[in-house]
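Taking it in order: structure first as structure tokens, then the write-up.
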Amino acid sequence: MKGTMSAATVHKQYNEVVSAFRRLIADPALRARFDGEADGYFRRCALGVWQADNASSITPRHVEFYNAIYTNGSSAPSALYWEVATGVAGFDQFQPPAFFDRLREYDRLTHSRLSRTFIDQLTLLLLLFAAVDDVVSEPEAGFVNACSDLLLALCGGLEGDRPALKADEFVTRPRTSAPPEEEPAPAEDKPLPPPDLDQVLAELDALCGLERVKKDVKSLINLVKVQKLRQEQGLPVSPMSLHLVFLGNPGTGKTTIARLVSKYLKAIGALGGGQLVEVSRADLVGRYVGHTAPLVNQVISTALGGVLSIDEAYSLYRGEQDSFGLEAIDTLVKGMEDHRDELVVVLAGYTKEMQEFLTANSGLASRFPNFIEFPDYTADELLRITRLQAKGKGYRMEDACDAPLLAYYARRQAEDAATAGNGRLARNKLEQAILNQSRRLVAEPNAPLDLLLWTDFELEE
């Protein structure tokens with residue numbers, strides 16, 4: 001099978017990953033040691049991946065990949081077919097690199113995460129080598145996971161900022177289908193009726209706080225409505241972008257507003273489906289060459305006729321060396337252009353980070369003319385949210401809850417609204433109170449089942 005990756009592409013991806021990790025190493029001696037050992041070590045790892053797949057199926061493409069594993073400024077290998085095939089057949093077992101002990105010691109002294117980062121980068125590179133035939137097989141994924149697990153075990157108590165990458169999710173699984181005579185007849189598509197416009201607006205008005213946001217959303221949807229009326233009457237209509245950027249801290253209602261926007265656009269016929277598809281970087285950015293664009297296109301296909309909401313969209317761009325992230329952005333921009341009448345994209349995230357993110361692609365910012373700022377909730381608004389959510393769950397709160405909750409919310413929002421969680425803070429407090437109430441009722445069987453006391457909320461000082 002002819003693969004889709006060239007040796008030049010493999011070299012580029014390998015060089016970018018290794019160079020990015022090298023820049024994280026502040027210690028000159030450790031960096032020099034890494035420079036001297038990295039290329040040779042990763043070439044040996046490639047031999048292990050290919051042996052795990054099938055040591056007897058080495059092709060000239062494997063040789064091209066092998067010879068592409070070098071960083072700029074280092075000597076490019078010129079191995080011959082028989083050398084690579086012999087190396088694959090003779091690969092013994094995976095061993096940690098010689099510099100890994102030094103990485104772990106450096107982490108312990110500086111409280112850094114270099115060794116954990118190296119494990120993730122190794123996983124990415126092994127997947128790159130596994131994709132020599134455009135397929136990541138089960139044995140290859142098993143080998144990659146075994147390598148990662150061995151290194152993680154050596155890390156002892158060193159913590160990472162997220163779970164280690166696993167290769168299982170990148171296994172290329174065969175597509176199976178029933179014989180034609182056994183395939184069930186396709187069910188008739190019965191499109192759901194469009195949402196009631198007045199009901200959508202009532203949902204918007206019923207939201208607690210967000211007065212400026214509501215006004216901005218209504219202005220935008222009124223403009224869409226007028227444009228639709230002009231179109232129906234045969235009047236000229238100017239091209240209009242409905243793509244949105246939602247700026248604000250977590251828990252400020254961005255997802256809720258995105259869902260209402262999708263329902264409204266469905267109600268007036270601006271979108272055919274009206275569904276909301278929520279994704280993040282993990283759903284869009286692949287882990288090896290050739291994986292990202294299909295992921296993005298699949299997500300776009302799912303969202304056609306509705307709204308695609310990308311949470312923490314700024315995480316798609318982690319700098320010029322993040323080639324996978326840049327590929328995701330480029331593919332998204334192309335998809336928006338190809339489906340301009342079938343898709344609305346909402347990018348959500350922190351204000352500063354989002355403004356920087358929009359510079360990642362020359363065509364990105366121009367496609368998002370609509371910015372909506374989501375302010376943090378006040379303590380009064382959080383109290384109202386708590387009472388509304390309690391009522392929705394079939395509970396009532398005693399009046400004595402108000403003063404301590406107001407003080408608690410005011411203090412948490414003043415300290416750091418971004419980490420406090422805004423609306424999520426209110427939801428979490430209510431869920432905690434319901435749990436505490438259930439414990440209390442065990443000792444007070446005659447107490448009202450639907451009443452929450454202020455002591456149930458455990459408002460720490």
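The values are calculated or read from the model by the stated rules, or taken from the named source; none is laboratory data. Please read these numbers as outputs of a predicted model, since none were measured by experiment. Every residue, glycine as well, gets a Cβ built from its backbone with ideal geometry; the counts of neighbours run over all protein chains shown.
Looking only at residues in region 304-332 that are within 16 Å of the chain's Cα centre (by Cα) and among the aliphatic types (A, V, I, L, M), which one is nearest to E353 (Cα to Cα)?
My answer is A313.
Somewhere in region 272-288, is a residue of a type in the set (F, W, Y), surrounded by 21 or more Cβ atoms within 10 Å (Cβ to Cβ), within 18 Å of S241 (Cα to Cα) and in contact (Cβ under 8 Å) with a residue 40 or more places away in the chain?
Among the residues of region 272-288, not one is of a type in the set (F, W, Y), surrounded by 21 or more Cβ atoms within 10 Å (Cβ to Cβ), within 18 Å of S241 (Cα to Cα) and in contact (Cβ under 8 Å) with a residue 40 or more places away in the chain, which makes the answer no.
Take S19 and tell me if it is in a helix (DSSP H, G or I), surrounded by fewer than 20 Cβ atoms within 10 Å (Cβ to Cβ), polar (S, T, N, Q) and touching a residue at least 12 places away in the same chain (Cβ under 8 Å).
So S19 passes the test.
Aliphatic (A, V, I, L, M), over 30 Å from T378 (Cα atoms), surrounded by fewer than 18 Cβ atoms within 10 Å (Cβ to Cβ) and modelled with pLDDT under 85 - does that describe any residue in region 192-211?
There is at least one residue in region 192-211 that is aliphatic (A, V, I, L, M), over 30 Å from T378 (Cα atoms), surrounded by fewer than 18 Cβ atoms within 10 Å (Cβ to Cβ) and modelled with pLDDT under 85.
Identify, from the list E373, E312, the residue that is touching a residue at least 60 places away in the same chain (Cβ under 8 Å) and touching a Gly at 6+ places or on another chain (Cβ under 7 Å).
Exactly one residue qualifies, and that residue is E373.
Looking for whichever is part of a helix (DSSP H, G or I), crowded, with 16+ Cβ neighbours inside 10 Å and small (G, A, S) here; the options are A32, A38. Which one fits?
A38
Scan G349, G325, G363 and give me the residue that is under 24 Å from G274 (Cα atoms) and in contact with a helix residue (DSSP H, G or I) (Cβ under 7 Å, 6 or more places away or on another chain).
After ruling out the rest, the residue left standing is G349.
Residues that are aliphatic (A, V, I, L, M), within 19 Å of V17 (Cβ to Cβ), assigned to a helix (DSSP H, G or I) and under 34 Å from the mean Cα position of the chain (by Cα): does region 66-82 have at least one?
No, region 66-82 has no match at all.
Of all residues being of a type outside the set (F, W, Y) and assigned to a loop (DSSP other than H, G, I, E, B) in region 393-419, which is farthest from the chain's Cα centre (by Cα)? Just the residue, please.
If we take residues in region 393-419 being of a type outside the set (F, W, Y) and assigned to a loop (DSSP other than H, G, I, E, B), then E398 is farthest from the chain's Cα centre (by Cα).
Looking only at region 414-461, how many residues end up being among the basic types (K, R) and more than 14 Å from A390 (Cβ to Cβ)?
Here the count works out to 3.
Tell me the residue from A313, A328 that is out of contact with any strand residue (DSSP E or B) (no Cβ under 8 Å at 6 or more places or on another chain) and closer than 28 Å to R424 by Cβ, please.
Matching residue, one of A313, A328: A328.
Residues in region 355-370: is at least one at pLDDT below 90, surrounded by fewer than 15 Cβ atoms within 10 Å (Cβ to Cβ), among the acidic types (D, E) and closer than 20 Å to Y314 by Cβ?
yes
Kindly evaluate Y377 against the criterion of being within 25 Å of S262 (Cα to Cα), crowded, with 22+ Cβ neighbours inside 10 Å and over 25 Å from the mean Cα position of the chain (by Cα).
Judged against the criteria, Y377 is a match.
Restricting attention to region 100-134, and to residues there that are in contact (Cβ under 8 Å) with a residue 60 or more places away in the chain, among the aliphatic types (A, V, I, L, M) and farther than 21 Å from Y66 by Cβ, which single residue is surrounded by the most Cβ atoms within 10 Å (Cβ to Cβ)?
Residue satisfying both the conditions and the ranking: L103.
State which residue is surrounded by the most Cβ atoms within 10 Å (Cβ to Cβ) when the search covers only region 41-62 and only residues that are of a type in the set (V, I, T) and part of a loop (DSSP other than H, G, I, E, B).
I58
Checking E16 against (1) touching a helix residue (DSSP H, G or I) at 6+ places or on another chain (Cβ under 6 Å); (2) farther than 26 Å from T110 by Cα, which test does it fail?
Status for E16: all satisfied but (2).
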